[in-house]
Every structure is written in structure tokens, then in C-alpha cells.
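Enquirer: Questions regarding the structure given below will be posed in turn.
The values are calculated or read from the model by the stated rules, or taken from the named source; none is laboratory data. Owing to the predicted nature of the structure, the values given are computational and were not obtained by experimental measurement. Heads up, the Cβs are rebuilt from the backbone with ideal geometry, glycines too, and the neighbour counts pull from every protein chain shown.
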Amino acid sequence: MAETTVTVGTTSGLHARPAGVIVAAAGKAGVPITIALGDGKPVNAASILSVISLGVKGGDSVTVAADGPGADEIVKSLGDLIASDLDAA
């Protein structure tokens, strides 16, 4: 299992638009991916309702984990996406 912890780069947190970007990327990965806020319970990163329900705010730390072929690259890519400012146009 690959795992990384990153700081959320979007100042407004993972509201609908940034969460949608993350969910879309997780859905295309082809392996199960989870995201967790701090020490909280991991949720399916491909589920918009699950990601939004975490209540992640800008600057929070989240842990992304994946298991399966290419998990290291997938976790790094999704972690980089979460660390970026997804509200920047």
C-alpha cells in the first residue's frame, strides 16, 4: 500500500469544485484510493459525497492511500493535485 500526507492547497478547502476534480482523478486511477482527514477514518476518494463529508479546510493535512498496480505514482499524482490551488483559474 502506498500512502502520502499532504497539506490542502486550496484556501477554501475541498468544497464541491475541488472535491470534484479530486474525485474525477481518483475515478480514472483504476485502483482503490482513500483519503482521510488527519487521523480520521479513510473514505473512498472516488466518491464526491464522501470527500465533501470530510469537511476538509484549506491548510488541513490529509492522507491519500492506494493499493494496486502503480499505486506509488497514483498517490503522488493525487497528492500533488490536492496540494495545489484547485480554485486558481
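Enquirer: Given the criterion modelled with pLDDT under 95, among the small types (Gly, Ala, Ser), in contact with a strand residue (DSSP E or B) (Cβ under 8 Å, 6 or more places away or on another chain) and surrounded by fewer than 16 Cβ atoms within 10 Å (Cβ to Cβ), identify the matching residue among Gly59, Gly38, Gly30. Spell out how you get there, then give the answer.
Expert: Working: Gly59 fails: modelled with pLDDT under 95; Gly30 fails: in contact with a strand residue (DSSP E or B) (Cβ under 8 Å, 6 or more places away or on another chain).
After applying the criteria, what remains is Gly38.
Enquirer: Okay, moving on. Check the range 33-45 and report whether any residue there is within 10 Å of the chain's Cα centre (by Cα), over 14 Å from Leu86 (Cα atoms) and in a loop (DSSP other than H, G, I, E, B).
Expert: Taking the range 33-45 first, the residues within 10 Å of the chain's Cα centre (by Cα) are 33-37, 43-45.
Those still in the list that are over 14 Å from Leu86 (Cα atoms) too: 33-37, 43-45.
Going one step further and asking which of them are in a loop (DSSP other than H, G, I, E, B), we end up with 45.
Yes, that holds for at least one residue.
Enquirer: What is the residue count in the range 46-68 for residues that are within 17 Å of Ala2 (Cα to Cα) and either free of Cβ contacts under 8 Å to residues at least 40 places away in the same chain or within 13 Å of the chain's Cα centre (by Cα) (or both)? Can you show your working first?
Expert: Looking only at the range 46-68, we keep the residues that are within 17 Å of Ala2 (Cα to Cα), and these are 46, 61-68.
After this cut, where a residue has to be either free of Cβ contacts under 8 Å to residues at least 40 places away in the same chain or within 13 Å of the chain's Cα centre (by Cα) (or both) as well, the list is 46, 61-66, 68.
Qualifying residue count for the region: 8.
Enquirer: To continue, here is another question. Report every pair of residues separated by at least 6 positions or lying on different chains whose Cβ atoms are under 6 Å apart, first residue within the range 69-87 and free of Cβ contacts under 8 Å to residues at least 60 places away in the same chain and farther than 11 Å from Ile22 by Cβ, second surrounded by 15 or more Cβ atoms within 10 Å (Cβ to Cβ) and not small (Gly, Ala, Ser).
Expert: Note: no pairs meet the criteria.
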